Amino acid sequence: MSGNGNKRTPLVAEKRYPTNGPAKKKPAPNKAPRKKPAARRKATPKRNKPRGILGWILFPFQWALRIIWAVSWRLGLVVGLIIAGFSFYFASQMPPVGDLIDGRTRGSVTMTDFRGEVFAWRGDQFGGMITVETISDHLKNAVVATEDKRFYRHFGISPRGIASAVRINLRENRGPLSGHGGSTITQQTAKLLCLGVPFDPNKWDSEAEYENDCRQGSLWRKAREAVFAVGMEIAYTKDEILTIYLNRAYLGAGARGFEAASHRYFDIPAMALSPAESAMLAGLLTAPSTLAPTSNLQRSQNRAAVVVGLMEEQGYLTKAQADDARANPATLSETARANAATFFADWIMRSGPESFTRNTTEDVFIRTTLDPEIQTAAEEAMLSVFETEVRAGSEAQAAIVVMSADGAVRAMVGGRNIGDTGAFNRATQANRQTGSAFKPFIFAAALDLGMSPYTMIDDERTCWKRRGAGDWCPENYDREFKGPVTLIQALAESRNIPAIVLSEDVGRELVRNVANGFGLNGDLAAGPALALGVSESTLLDMTGAYAGILNGGSQVTPYGLVDLRIRGDNDSLMDSQGAGIGERIIRQEAARQLTWMMTKVVEEGTGRRAHIDGWEIAGKSGTTQGARDAWFIAFTGDYVTGVWMGYDDNRPLSGVTGGGLPATIWRETMTRVLANKTPTPLPMLIPERPAQSGILHSEGGEVLDQDILNLLDSIIGN
């Protein structure tokens, strides 16, 4: 092997195994001698500094805080896990969004006039499902800006919002949970859903009781609401939660959801709302019934201005848009502003089938006989007369009914409180003595028997005996007796003695039958006082009875409902068949002669105030004892109109008779109704004067015992 002459490097094997002989030691490098490590000191325990007086005072508190912290974070962890568990449980139970849109437990009733135009709503209105994508952006922004500006950033509850609400409540000297609640839109939606608890009629007597229970504000309820809200946030998107809220929120005047409210107040869909209209609707969420524009438009507009400010502050509106919304606040549609025919609508709700009106669970549409122009005429006439001819502060009331000859009610005013839903309706609910307004039915019975309008009756003082009391000697309104008078004069001047004599001559039973046949089904008096209208009736029934005279002597049943249908169903569930003109009560000839006689009341008698140039008018006035009730009912060729006036507590009117203010209200109403119309002649028959006629007399008689009480309020009226 060749090499380079240098010393060979040992092989690995040679390194691994030792050679024979001692190994050479390498010289040690020059290093400083290693010092022996010093022995380790024993660590002395650290002594606490003296606490001092302050330290000993604070020591118990520090100790308590350590314990509280140790317990609280563990407890908080457990509570957090429990809340999370319940939230996920609620989330797993949430139904599809579509199932939560319409949560009403009762339906609605929408009423239209005879032309098909909506004029009134009752029940809970729902305008159909809307979503965040199908409404005006202004509405979405207004709701978020007003109710929950951090809606898209929180997880269902807002600690900042709650803290702010507590601070405001305390500053306003309320309890921390009273007043402002700091609820998020999610929490409000949870409340609207009643935390997932459905209405159970076996548990709650009414929907109102159910809703009150859902909205109670106890601490435990708030805690459950918060957990349910978090569950909603897990189950639904933010837009889905907002969609549920927009559809279920109550916005006053029976409107459930913003689509219904948009139509109710502005007569437009929610997708077409302007910033001002959106702000007004969003502002209602605070107090729907109080702030509803139909209740107080100015108050609603003031609240809307606050909402516009919030929208501008949060960047949803430019300054120019906000200024325009404040300068041009939202106003009600013509239909909503009119708030028309509340008494008529309430009558339809009371008289219609309960399952489709007051307690309907469906959305019902009812077409009615209402004529809005006639309704407006009646309302304006009443208000005008009370403003110009009745002393200020008077509590007297009045009622008006206008109907066609077939009984179709075209207008109804049940009192001076026009526009008050649910108010007492004096046209349909008040049973009052009819006075001399009852007399046409006595004359109808006589004419039906064949008597002539020229038949003579002796108008002289006549007395009837009463058992256990003095004689009953009724008088005429003018305290005079005119001797023999025709039936025509007796009716025109509303003379009492001839009316009683005529009633006794044809027979009280026949008079009662005729009155009943024409629709006066009350408890009619049994004695001679029957002729003076001591019996009671409603204005609606009396007006319907006069309609029977106009249409030729046939029974008339007043009606207002023409057609009733369920939303989405083209089949009519009920209509006006069976109402209107019924069986004949008196001969047509007798009815036509009576109509002619009643024109003399307006032309020459007690009803002259009702005269309207160019029109034939037949009618009758009536005033009860002490002027507690004053009536005027009359008809033209097209319409029958009845007016009643009196006090609710039955006090006497001051200086009022049926031929006075009631006749004036009648004329003011019908002047407006008949304006620009061609006069329609009355269907009347002018009788021939007979060559001679006998005179009906009365020798008096005995008044039955059951009449004694009736006669205490007997009629000395016109």
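The values are calculated or read from the model by the stated rules, or taken from the named source; none is laboratory data. Note that this is a predicted model, so its numbers are computed, not measured. Don't worry about glycine lacking a Cβ; one is built from the backbone with ideal geometry, like all the others, and counts go over all protein chains shown. These accessible areas exclude ligands, DNA and RNA; they are computed on the full protein's heavy atoms, side chains included. Shrake-Rupley method; radii C 1.70, N 1.55, O 1.52, S 1.80 Å.
Brief remarks follow.
- No other residue among Leu317, Leu242, Leu246 is more than 23 Å from Ile157 (Cα to Cα), in contact with a helix residue (DSSP H, G or I) (Cβ under 6 Å, 6 or more places away or on another chain), of a type in the set (A, V, I, L, M, F, W, C) and touching a residue at least 40 places away in the same chain (Cβ under 8 Å) apart from Leu317.
- Qualifying residue in segment 432-441 (condition: basic (Lys, Arg) and in a strand (DSSP E or B)): yes
- Arg609 vs. criteria open to solvent by 10 Å² or more (accessible area, probe 1.4 Å) and under 26 Å from Asn476 (Cα atoms): yes
- Tally of residues being within 53 Å of the chain's Cα centre (by Cα), part of a loop (DSSP other than H, G, I, E, B) and either surrounded by fewer than 20 Cβ atoms within 10 Å (Cβ to Cβ) or of a type in the set (A, V, I, L, M) (or both) across segment 444-466: 4
This table checks each residue for (1) part of a strand (DSSP E or B); (2) surrounded by 15 or more Cβ atoms within 10 Å (Cβ to Cβ); (3) hydrophobic (A, V, I, L, M, F, W, C).
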{"position": "Gly568", "(1), (2), (3)": "no, no, no"}
{"position": "Gly622", "(1), (2), (3)": "yes, yes, no"}
{"position": "Ala634", "(1), (2), (3)": "yes, yes, yes"}
{"position": "Gly637", "(1), (2), (3)": "no, yes, no"}
{"position": "Gly655", "(1), (2), (3)": "no, no, no"}
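- Restricting segment 576-606 to residues that are hydrophobic (A, V, I, L, M, F, W, C) and assigned to a helix (DSSP H, G or I), the residue that is nearest to Leu487 (Cα to Cα): Met597
- Members of segment 122-136 that are out of contact with any Leu (no Cβ under 8 Å at 6 or more places or on another chain), open to solvent by less than 30 Å² (accessible area, probe 1.4 Å) and among the hydrophobic types (A, V, I, L, M, F, W, C): Phe126
- The number of residues in segment 310-344 being of a type in the set (A, V, I, L, M), at pLDDT 95 or above and either more than 19 Å from Ser136 (Cα to Cα) or open to solvent by 60 Å² or more (accessible area, probe 1.4 Å) (or both) comes to 2.
- The residues in segment 369-395 that are touching a residue at least 12 places away in the same chain (Cβ under 8 Å) and closer than 23 Å to Val656 by Cα can be counted, and the count is 13.
- Hits in segment 410-429 (condition: open to solvent by 10 Å² or more (accessible area, probe 1.4 Å) and of a type in the set (A, V, I, L, M, F, W, C)): Ile418, Ala423, Phe424
- Residue under evaluation Glu207, criteria (1) within 25 Å of Gly127 (Cβ to Cβ); (2) at pLDDT 90 or above; (3) surrounded by 13 or more Cβ atoms within 10 Å (Cβ to Cβ), criterion not met: (2)
- Scope segment 322-344; condition among the polar types (S, T, N, Q), in a helix (DSSP H, G or I) and in contact with a helix residue (DSSP H, G or I) (Cβ under 6 Å, 6 or more places away or on another chain); matching residues: none
- Only one of the listed residues (Ala396, Ala392) is open to solvent by 50 Å² or more (accessible area, probe 1.4 Å), of a type outside the set (Asp, Glu) and over 22 Å from Tyr559 (Cβ atoms). That residue is Ala392.
- Listed by first and then second residue, the pairs linking a residue in segment 415-427 that is closer than 9 Å to Asn339 by Cβ to a residue that is open to solvent by 60 Å² or more (accessible area, probe 1.4 Å), with Cβ atoms under 8 Å apart and 6 or more places separating them unless they lie on different chains, are Ile418/Leu383.
- Selection from segment 658-690 of residues that are out of contact with any helix residue (DSSP H, G or I) (no Cβ under 7 Å at 6 or more places or on another chain) and hydroxyl-bearing (Ser, Thr, Tyr): Thr671, Thr678, Thr680
- Summed over segment 570-606, the residues that are in contact with a Lys or Arg (Cβ under 6 Å, 6 or more places away or on another chain), open to solvent by 40 Å² or more (accessible area, probe 1.4 Å) and within 28 Å of Pro662 (Cα to Cα) give a count of 0.
- Residue within segment 617-629 that is within 34 Å of the chain's Cα centre (by Cα), among the β-branched types (Val, Ile, Thr) and closer than 14 Å to Tyr546 by Cα present: no
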